[in-house]
Amino acid sequence: MSTTDLFQQHVLPTYGRFPLVPVRGEGSYLWDDTGKRYLDFCTGIAVCSLGHCHPRLVSAIREQAGKLLHCSNLYQILQQALLAEEINTHHVNIPGKVFFSNSGAEANDGLIKSARRFGHKRPQADGSPRFEVITFQQSFHGRTLGSMSATGQTKIQEGFDPLLPGFRYLPYNNIVALEAGIHPETAAILLEPIQGEGGVNSATPEFLRAVAKVCKKHDLLLLFDEVQVGFGRCGDSMAWRMIAPEIQPDGISWAKGMGGGVPIGAFWLNDRAIDDTGTPLPSLMGPGSHGSTYGGNPLVCAASLAVLQEIREKELTTNAILMESRIRGTIDSWNLSVITEVRGSGLLLGVGLDPDLIPTPEGKTPALVVVAKLMENGLLTPPAGPNTFRLLPPLNVTESEIDEALAIVKATLESFIIGT
C-alpha cells in the first residue's frame, strides 16, 4: 500500500499535502522516496535552523536519549534550567523566567493566560478584571482554541464558533487605529514583529515604538509572538531587535527554530515589577497556574540547548543577514515583472507575486501554483498567503546553496512569464 493510500485511509485530512514523501535529510537537502533530491528552503516551515541532521544536534539527542528521556515537572530538570539560562543570558538579554511547552500555539496560550492573570492583578477602575488581548489583522498565533481566537484571520476561525472571547483585531502598522483601540478591559497587546503566515509583513519601527508607548501609557502587557521569527531567523536572536532594539517586551513566545526539529516551545516573562509593591510579573504564574506533561523534558531541552548554542557560537545571525543581502541583490538584478517585492528580514523572506502573471486554476492561489512548480524543479518552499511564497533556508545555508536555489526560482518564474 502506498503512502498516499495509507494517509487516505488512516490520517485525518487536516492538511492539504503535496505529493512528496521525504525519507532522508542532510544539511540543506532532502530526499524523497523515489530518490529525488530537493534543496530545502522550507525547513519544516522555519523549524530546521541548522538544516537536517546537524551533527551537533544529533549527538545531543543520542547522548541524552541514553541517559534520561523524560521525567515529571514535579522535579527539577537540569537540562531545562540550562536551556532557560542560555535563553535569558545569551538571547533575550533581559532578566526573566521561561516556561517550556511543546509548540508555539501552547506558548501563545501561556501568554494569553499570563495576560488574564495580569488583568486580575491590575483590574479596571471599578475593580472588574481586565481580560482583553489586542491582536492584529493577518496575524497567526496557532490553532488551539485560544491561539486561534487570537489570530486575526477569518479563514482560520471559520466553523469553530463560538471562539474564546476577549480578543480584538486592529489593522497592522496603523498607529491611529492602535491609539484609538484601547478599551478599559484591555490587558495586553500581542503581535508578531514580522507576520509569517500572514504574508511576511514587517512591523515598522514607528509602529512597534507606538505599541510600546501605548502599553506603557495604559498599563498593558507588551507581548511578542516570535514563534516563527525568533532565535536568529531574522538576523538577531530576537526579531523585534531588528526593528526597534530599545524596546523591552513583557512576554515572548517561541517554538519552531528553537528546537531544530524536536517539538519544543516556550514563553518568557519579564522580571519587571508590575506595581508599587515590587510584585514581579512572573510571580503571577505560580504553582498550579499552568503546566505541561511533556513540556521541557530532558530530551527536548538537551536538543534545543545544542541548537541555540550552535546558533550563538557560529554567529549564524550574521550569516542570515549576509545571505539576505545576497538574495535581495540577486532578485533585484533579475528585474522580473512577476515579482512585486521581497519582504521580511534575515532568512524569513517573502517573495510577492503579481497574480495577473501566474496562470491559476480554480481553487488554487498563485502562491500554491508557484510553490508546486518550484517543488517539481527541486526547490521546497512554503506559501504565505495567496500571492507570496517564503524562502526559509537553514541559518547556516551557504552562498552556493543560495545561488542554486535562486537559479531554480528564476527559471521557474520565467517559465510562467513565457507561458503567458
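The values are calculated or read from the model by the stated rules, or taken from the named source; none is laboratory data. Quick caveat: nothing in here was measured; it's all calculated off a predicted structure. Methodologically, a virtual Cβ is constructed for each residue, glycine included, from the backbone with ideal geometry; neighbour enumeration extends over all protein chains shown. Keep in mind that these areas ignore ligands, DNA and RNA; they rest on the heavy atoms of the full protein, side chains included. Shrake-Rupley method; radii C 1.70, N 1.55, O 1.52, S 1.80 Å.
Under a 1.4 Å probe, what is the accessible area of the stretch 287-371 per residue, stated in Å²?
Details: 3740 Å² over 85 residues.
Per residue, the stretch 287-371 has an accessible area of 44 Å².
Please give the charge dipole size of the stretch 1-103, origin at the Cα centre, charges +1 on K and R Cβ atoms and -1 on D and E Cβ atoms. Round to the nearest 20 debye.
It comes to approximately 60 debye.
So how tilted is helix 78-87 from the main axis of the chain? Cα-based, degrees 0 to 90, rounded to 10.
80
Return the Rg/Rh value of the stretch 100-180, two decimal places, where both radii are evaluated on C-alpha atoms and Rh is the Kirkwood radius. The partial results should precede the final answer.
Numbers: Rg = 13.5 Å, Rh = 13.5 Å.
On the Cα set of the stretch 100-180, Rg over Rh gives 0.99.
If you consider only alpha-carbon coordinates, what radius of gyration and Dmax does the stretch 287-420 have, in Å?
Rg and Dmax of the stretch 287-420, Cα atoms, are 18.4, 63 Å.
Sorted from largest down, what three extents in whole angstroms do the Cα atoms of the stretch 141-196 have along their principal axes?
Between the extreme Cα coordinates on each principal axis of the stretch 141-196 lie 32, 28, 15 Å.
Calculate, in whole percent, how much of the Cα-Cα pair population of the stretch 1-120 lies beyond 20 Å. Working shown, then result.
Working: 4771 of 7140 pairs.
When every Cα pair of the stretch 1-120 is considered, 67 percent fall beyond 20 Å.
Tell me the per residue accessible area of the stretch 1-99 using a 1.4 Å probe; a whole number in Å² is fine. Write down the numbers at each step before the final one.
Details: 6230 Å² over 99 residues.
Spelled out: the 1.4 Å probe surface of the stretch 1-99, per residue, equals 63 Å².
Just want the answer: with Cβ charges of +1 for Lys and Arg and -1 for Asp and Glu, which residue in H120, M242, T388 is farthest toward the dipole's positive end in the chain?
Checking the options against the dipole of the chain, the answer is H120.
Which value, in debye to the nearest 20, describes the size of the charge dipole of the stretch 79-165 about its Cα centre when Lys and Arg Cβ atoms bear +1, Asp and Glu Cβ atoms bear -1, and nothing else is charged? Could the numbers behind the result be given before it?
Details: 9 positive and 8 negative charges, 50 e Å.
With only Lys, Arg, Asp and Glu charged at Cβ, the dipole is about 240 debye.
Pairing the Cα long axis of helix 316-334 with the longest principal axis of the chain, what angle in degrees results, from 0 to 90 and rounded to the nearest 10?
Approximately 50 degrees, to the nearest ten.
Ranking request for peptides 66-73, 87-94: highest mean number of other beta-carbon atoms within 10 Å first, then the rest in descending order. Write out the running numbers ahead of the final one.
Numbers: 66-73: 11.1, 87-94: 17.2.
The densest-packed peptide leads the list: 87-94, 66-73.
With runs of 4+ DSSP H residues as the only contributors, calculate the mean residue ellipticity of the chain at 222 nm using -39,500 (n - 2.57) per run, divided by the residue total and rounded to the nearest 500. Spell out each step's value before the answer.
On the way: 13 runs with 148 residues, N = 420.
Taking each H run of at least 4 residues, the total per residue is -11000 deg cm²/dmol.
How compact and how long is the stretch 38-96, expressed as Rg and Dmax of its alpha-carbon atoms in Å?
Rg and Dmax of the stretch 38-96, Cα atoms, are 14.9, 44 Å.
Using only Cα atoms and rounding to the nearest 10 degrees, what angle (0 to 90) does helix 104-121 make with the longest principal axis of the chain?
With both axes taken from Cα atoms, the answer is about 20 degrees.
How much net charge surrounds N73 when only other residues with a Cβ under 15 Å from its Cβ are counted (Lys, Arg +1; Asp, Glu -1)?
Numbers: positive: K97; negative: E106.
Counting the neighbours of N73, the net charge comes to 0.
Set the Förster radius R0 to 51 Å, insert the Cβ-Cβ distance between E63 and I175 as r into 1/(1 + (r/R0)^6), and round the FRET efficiency to 0.05. Walk me through the numbers before you get to the answer.
Details: r = 50 Å, r/R0 = 0.98.
So the FRET efficiency works out to roughly 0.55.
Only four residue types carry charge here, +1 at the Cβ of Lys and Arg and -1 at the Cβ of Asp and Glu. Report the dipole size of the chain about the Cα centre in Debye, rounded to the nearest 20. Could you put the intermediate results ahead of the total?
Details: 34 positive and 43 negative charges, 125 e Å.
The calculation lands at about 600 debye.
Determine the percent antiparallel among the DSSP beta bridges restricted to the chain, to the nearest 5. It would help to have the intermediate numbers written out before the result.
On the way: 32 of 50 bridges.
Here the share of antiparallel DSSP bridges comes out near 65 percent.
Choose one of Q157, N174, T186: the residue whose Cα lies farthest towards the positive end of the charge dipole of the stretch 108-207 (beta-carbon charges +1 Lys, Arg; -1 Asp, Glu; about the Cα centre).
T186
How far is it, in nm, from the label point at K97 to the one at S400 when both lie 7 Å from their Cα along the line to the Cβ?
Between K97 and S400, the simple spin-label model gives 5.0 nm.
Report, in listed order, any pair from K121/K216; K36/K256; K67/K97 with a Cα-Cα distance greater than 19 Å. Show your work: numbers first, answer last.
Working: K121/K216 16 Å; K36/K256 26 Å; K67/K97 26 Å.
The answer is K36/K256; K67/K97.
Of G295, V409, F7, which is farthest towards the positive pole of the chain's charge dipole, taken about the Cα centre with +1 and -1 on the beta-carbons of Lys, Arg and Asp, Glu respectively?
Comparing the listed Cα positions along the dipole, G295 ranks first.
Carbon and sulfur together cover what percent of the accessible area of the chain at a 1.4 Å probe radius? Intermediate values should be presented prior to the final figure.
On the way: 10060 of 18570 Å².
It is 54 percent, rounded to a whole number.
What is the distance, in nm, between label points placed 7 Å from the Cα along the Cα-to-Cβ direction at T318 and at Q157?
Here the modelled spin labels are 4.5 nm apart.
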